[in-house]
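The structure appears below as structure tokens.
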Ligand SMILES: [Zn+2]
């Protein structure tokens, strides 16, 4: 099964428009709360990034590991929100600590793996909207996207990790994947 890129793109657009968000950093907790989600901060085992409790009474909760960095917590909240809005879970869903590694969305896959890819794509789109990035990159005079010194301030502005930003830029075709080498 293929990752539903178009649906995810439209969903993110709607969420950003609802709260009139037009520049980074995208307030992911505010967006989640505006959809009735309670954010629960927990000191979890390092092997756990977060969890989603769909809530049978319409009161979903997203749990996030406070031992992780702020950028990672933001990604986790966005990932769990993606599950909530895209997938139909009746029970608690726990995400392991390494889900960011499975970030790329090109490969079609099945079942749970597809859901993880969709949640990651949703998180990347929400935290790093393509339209925002295009505007910001256009504003840079000389594009040296493999250059940490140029990318770090952008990652900071978006409230994401450098790794997440690089993967996003690669998936959008802004960054050659060979840049990861050496
Ligand atoms: Zn997940």
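Values in this text are rule-based calculations from the coordinates and carry no lab data. Not measured: the values here are computed from a predicted model. Reconstructed Cβ throughout: ideal geometry from the backbone, glycine too, with neighbour counts over all protein chains shown.
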CD proxy, 222 nm, the chain: helix-only mean residue ellipticity via -39,500 (n - 2.57) per DSSP H run with n ≥ 4, per residue, nearest 500, stands at -15000 deg cm²/dmol
To the nearest 0.05, how large is the calculated FRET efficiency for residue 148 and residue 29 if R₀ is 25 Å and r is the Cβ-Cβ distance? 0.35
On a full-extension model of 0.36 nm per residue, what is the gain between residue 69 and residue 172, subtracting their alpha-carbon distance, rounded to one decimal in nm? 34.6 nm
Using only the alpha-carbon atoms, how far is helix 70-86 inclined from the longest principal axis of the chain? Give it as 0 to 90 degrees, nearest 10. 60 degrees
Just to be sure I understand: with springs between alpha-carbon atoms less than 10 Å apart, which residue in 163, 41, 17 has the highest mean-square fluctuation in the Gaussian network model of the chain? 17
Cα long-axis angle, helix 111-127 against the chain (0 to 90 degrees, to the nearest 10): 60 degrees
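Is the C-alpha gyration tensor of region 20-73 telling us rounded, prolate or oblate? Criteria: a/c under 1.5 is rounded; beyond that, a/b larger than b/c is prolate, otherwise oblate.
Verdict is oblate for region 20-73.
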What is the distance in Å between the Cα centres of region 111-125 and region 1-43? 13 Å
What FRET efficiency comes out for the pair residue 88/residue 113, r = Cβ-Cβ distance, R0 = 22 Å, nearest 0.05? 0.85
Per 0.36 nm of contour for each residue apart, how much would the distance between residue 130 and residue 40 grow if the chain were fully extended, relative to their Cα-Cα spacing? 29.5 nm
Per the C-alpha gyration tensor (a ≥ b ≥ c, the square roots of its eigenvalues), the chain is rounded if a/c is under 1.5, else prolate if a/b beats b/c, else oblate; here it's prolate
